[in-house]
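Trainee: Take a look at this one; I'll ask things after.
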Amino acid sequence: MPHLQLTLPCTRASQPRYERALEDLGALAVTLQDAHLDAPDEQAIFEPGVGEAPLWEAITLSALFPEETDALALLAALEAFDPALDWSQAGFARIADQPWERAWLDSFRPMRFGTRLWVVPSDQAVPDAAGPEAAIVRLDPGLAFGSGTHPTTALCLRWLDALAQAGELQGRTLLDFGCGSGILAVAACKLGAAGADAIDNDPQALTATADNAARNGLAIATFLPEQAPRAAYPVVVANILASALDALAETLAARTAPGGRLAMSGILAGQEDALLARYAPWFTDLRIERADDWLRIDGRRRA
């Protein structure tokens, strides 16, 4: 259905109060964007360290409300909710609904990772270049993160392909911690893993993972973190964020079997030293692989 969109400028300091007021008065979604996005010196937003705020100094804040919302009544309610905030620069627009989660598929094409792993959109043909020995992952990410187009996912896919080439994946069970679309779990099975379990705190990710597993003729068990079995796995991959990897170090170490392999991604250049030190008590042979500004760290669990 269509929505009423409210847009206004704010600063990093005032953003939490604006967002709190909007959410308390029924905003369906609140999004943030660099106010200087089109400027030559556009400021990039990066995944923060623990306790850091990942925001620009000048922000454009947008909020969606149900179509029938009265803009003037909403503005009056916002001013009454927090009179100290300046709502005079708020703008309103009626926007038509569209399948946002499908829009990116227009540019999603078959991609090769490593020696024989290919990720192919579910509505496209397998390229002739793939060849008969290719491991084909049919993918429709839906609302979940993970298509192979982002460097963090690509780094993990190439690692899985290399692991399979080295004979360290065949017949083993993998844990995909923070599974998103399930692409890594599905890829591991296609490359010869005996099976895979997937964990994510987003129910939409678990749905996407189950759907993509079925699309590839696989059955992958999916779990919310609190429901997952306390098992140790010979292969673990966690494509999340540096702050989460820091917080989950003991958990991921416990989930990796002695002698097992762990790969972590979602790490920006400059965040690696702290994570290398964090994981050193449990893992040896820690190595770094880079793609653009993103890194993967992988290593072997101490016996």
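Trainee: Against the definition (of a type in the set (Ser, Thr, Tyr), within 13 Å of ASP298 (Cβ to Cβ) and surrounded by fewer than 15 Cβ atoms within 10 Å (Cβ to Cβ)), how does THR284 come out, yes or no? Give the steps one after another, and end with the answer.
Mentor: Numbers: of a type in the set (Ser, Thr, Tyr): yes; within 13 Å of ASP298 (Cβ to Cβ): yes; surrounded by fewer than 15 Cβ atoms within 10 Å (Cβ to Cβ): yes.
When the stated conditions are applied, THR284 passes them.
Trainee: Return the pair list, or none, for Cβ contacts closer than 7 Å from residues in region 174-197 that are more than 18 Å from ILE240 (Cβ to Cβ) to residues that are in a helix (DSSP H, G or I), at least 6 apart or on different chains.
Mentor: LEU191/LEU160; LEU191/ASP161; LEU191/ALA164; GLY192/ALA164; GLY195/CYS189
A quick yes/no check of all residues on (1) crowded, with 19+ Cβ neighbours inside 10 Å; (2) closer than 23 Å to PRO110 by Cβ; (3) among the β-branched types (Val, Ile, Thr):
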position	(1), (2), (3)
ARG172	yes, no, no
PHE177	yes, no, no
GLY180	yes, yes, no
ALA185	yes, yes, no
GLY195	no, no, no
ILE199	yes, no, yes
ALA213	yes, yes, no
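Trainee: Yes or no: LEU169 in contact with a helix residue (DSSP H, G or I) (Cβ under 9 Å, 6 or more places away or on another chain), at pLDDT 95 or above and not in a loop (DSSP other than H, G, I, E, B)?
Mentor: Numbers: in contact with a helix residue (DSSP H, G or I) (Cβ under 9 Å, 6 or more places away or on another chain): yes; at pLDDT 95 or above: yes; not in a loop (DSSP other than H, G, I, E, B): no.
For LEU169, the condition - in contact with a helix residue (DSSP H, G or I) (Cβ under 9 Å, 6 or more places away or on another chain), at pLDDT 95 or above and not in a loop (DSSP other than H, G, I, E, B) - is not met.
Trainee: Scanning region 61-97 for residues that are within 33 Å of the chain's Cα centre (by Cα) and small (Gly, Ala, Ser), which turns out farthest from HIS3 (Cα to Cα)?
Mentor: So, considering only residues that are within 33 Å of the chain's Cα centre (by Cα) and small (Gly, Ala, Ser), the one farthest from HIS3 (Cα to Cα) is ALA90.
Trainee: Still on this structure, I have one more. In this structure, does LEU252 turn out to be at pLDDT 90 or above, touching a strand residue (DSSP E or B) at 6+ places or on another chain (Cβ under 9 Å), under 22 Å from LEU163 (Cα atoms) and assigned to a helix (DSSP H, G or I)? If you could, list the steps in order and put the result at the bottom.
Mentor: Values: at pLDDT 90 or above: yes; touching a strand residue (DSSP E or B) at 6+ places or on another chain (Cβ under 9 Å): yes; under 22 Å from LEU163 (Cα atoms): yes; assigned to a helix (DSSP H, G or I): yes.
Yes; evaluated as a whole, the condition is true for this residue.
Trainee: Please work out which one of (1) part of a helix (DSSP H, G or I); (2) more than 14 Å from SER265 (Cβ to Cβ); (3) not basic (Lys, Arg) is the condition ALA193 fails and give its number.
Mentor: Here ALA193 meets the rest and fails (1).
Trainee: Can you tell me which of ALA205, ALA164, ALA129 is out of contact with any strand residue (DSSP E or B) (no Cβ under 6 Å at 6 or more places or on another chain), surrounded by fewer than 24 Cβ atoms within 10 Å (Cβ to Cβ) and modelled with pLDDT under 90? Reasoning before the result, please.
Mentor: Working: ALA205 fails: surrounded by fewer than 24 Cβ atoms within 10 Å (Cβ to Cβ); ALA164 fails: modelled with pLDDT under 90.
The unique qualifying residue is ALA129.
Trainee: Continuing with the same structure: With the requirement that a residue be over 16 Å from LYS190 (Cβ atoms) and either crowded, with 19+ Cβ neighbours inside 10 Å or modelled with pLDDT of 85 or more (or both), what does region 142-153 give you? Don't jump to the end; show me each part of the working.
Mentor: As a first pass, look at region 142-153 and keep what is over 16 Å from LYS190 (Cβ atoms): 142-145, 149-152.
The answer is ALA144, PHE145, PRO151, THR152.
Trainee: If you don't mind, there's one more thing I want to ask. When residues of region 63-90 are filtered for being in a loop (DSSP other than H, G, I, E, B), surrounded by 12 or more Cβ atoms within 10 Å (Cβ to Cβ) and either in contact with a Leu (Cβ under 7 Å, 6 or more places away or on another chain) or not acidic (Asp, Glu) (or both), how many remain?
Mentor: Result for region 63-90: 5.
Trainee: List the number of the failed condition for ALA244; all other conditions in (1) within 23 Å of ALA162 (Cβ to Cβ); (2) surrounded by fewer than 22 Cβ atoms within 10 Å (Cβ to Cβ) hold.
Mentor: Status for ALA244: all satisfied but (1).
Trainee: Next question. Can you name the residue in region 247-281 that is closer than 20 Å to ILE183 by Cα and small (Gly, Ala, Ser) and is also surrounded by the most Cβ atoms within 10 Å (Cβ to Cβ) among such residues?
Mentor: By that ranking, first place goes to SER265.
Trainee: Give me the pairs, please: first residue somewhere in region 220-237 and assigned by TED's automatic domain parsing to the domain that holds GLY259, second residue anywhere and surrounded by fewer than 16 Cβ atoms within 10 Å (Cβ to Cβ), beta-carbon distance under 6 Å, and either six or more positions apart or on two chains.
Mentor: Partner pairs satisfying both residue conditions: PRO225/ASN201.
The values are calculated or read from the model by the stated rules, or taken from the named source; none is laboratory data. The model shown is predicted, which means the values in this text are computed figures rather than measured ones. Ideal geometry is used to build each Cβ from the backbone, glycine not excepted, and the neighbour counts take in all protein chains shown.
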